[in-house]
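The values are calculated or read from the model by the stated rules, or taken from the named source; none is laboratory data. All values derive from a computational prediction rather than experimental measurement. So basically every Cβ, Gly included, is an ideal-geometry build from the backbone, and we count neighbours across all protein chains shown.
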Amino acid sequence: MSNLAVDHYVVDVLLPDLVGHDHSPAAFLIYLYLWRQAAARGKAQLSYTTMAADTGLSKASAQRAVALLRRRKLITTRKEAATAVPEYRVHRPWVGRVPG
């Protein structure tokens, strides 16, 4: 079993922001899930059905979560064709910021 290192910012800031402010615990869950899936290669290619099955969310909840994460610029997606399975890249915009 391998470990996944998560930045303190994710729990201290992103968790209350997505769950409390945006009222979307699903977005936080999908963000962590995509982070894990993309950890080895820097990207992950997953369908909404796979995300839903792996996280226990509904497909519609996974879709709404992805839309919110894209809008917040926490992930980007790319598709080869309109019907292709998207490729996700997870962003950590807080890395490299100068405090204050």
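Picking from L57, L68, which residue would you name as being within 21 Å of V19 (Cβ to Cβ) and within 10 Å of the chain's Cα centre (by Cα)?
Every option except L68 fails the conditions.
Restricting to region 1-17, name every residue that is aliphatic (A, V, I, L, M) and touching a Lys or Arg at 6+ places or on another chain (Cβ under 8 Å).
Hit for region 1-17 is L4, nothing else.
Restricting the search to region 14-52, which residues are in a loop (DSSP other than H, G, I, E, B) and either surrounded by 14 or more Cβ atoms within 10 Å (Cβ to Cβ) or of a type outside the set (K, R) (or both)?
D22, H23, S24, A39, A40, G42, K43, L46, S47
Checking the condition within 17 Å of S24 (Cβ to Cβ) and touching a His at 6+ places or on another chain (Cβ under 8 Å), which residue from K59, K73 passes?
Just a single option satisfies the conditions, and that option is K73.
Please count how many residues of region 53-95 are in a loop (DSSP other than H, G, I, E, B), among the basic types (K, R) and under 24 Å from L4 (Cα atoms).
Counting residues in region 53-95 that are in a loop (DSSP other than H, G, I, E, B), among the basic types (K, R) and under 24 Å from L4 (Cα atoms) gives 3.
Residue under question is T55, and the condition is that it be polar (S, T, N, Q), surrounded by 14 or more Cβ atoms within 10 Å (Cβ to Cβ) and free of Cβ contacts under 8 Å to residues at least 12 places away in the same chain; does it hold?
No: the conditions fail for T55.
Here's a check for you: in region 1-10, which residue that is of a type in the set (A, V, I, L, M, F, W, C) and surrounded by 12 or more Cβ atoms within 10 Å (Cβ to Cβ) is modelled with the lowest pLDDT?
Taking region 1-10 as the starting set, the residues that turn out to be of a type in the set (A, V, I, L, M, F, W, C) are 1, 4-6, 10.
Then keep just the ones that are surrounded by 12 or more Cβ atoms within 10 Å (Cβ to Cβ); that gives 6, 10.
Details: V6: 88, V10: 94.
Once the filter is applied, the top-ranked residue is V6.
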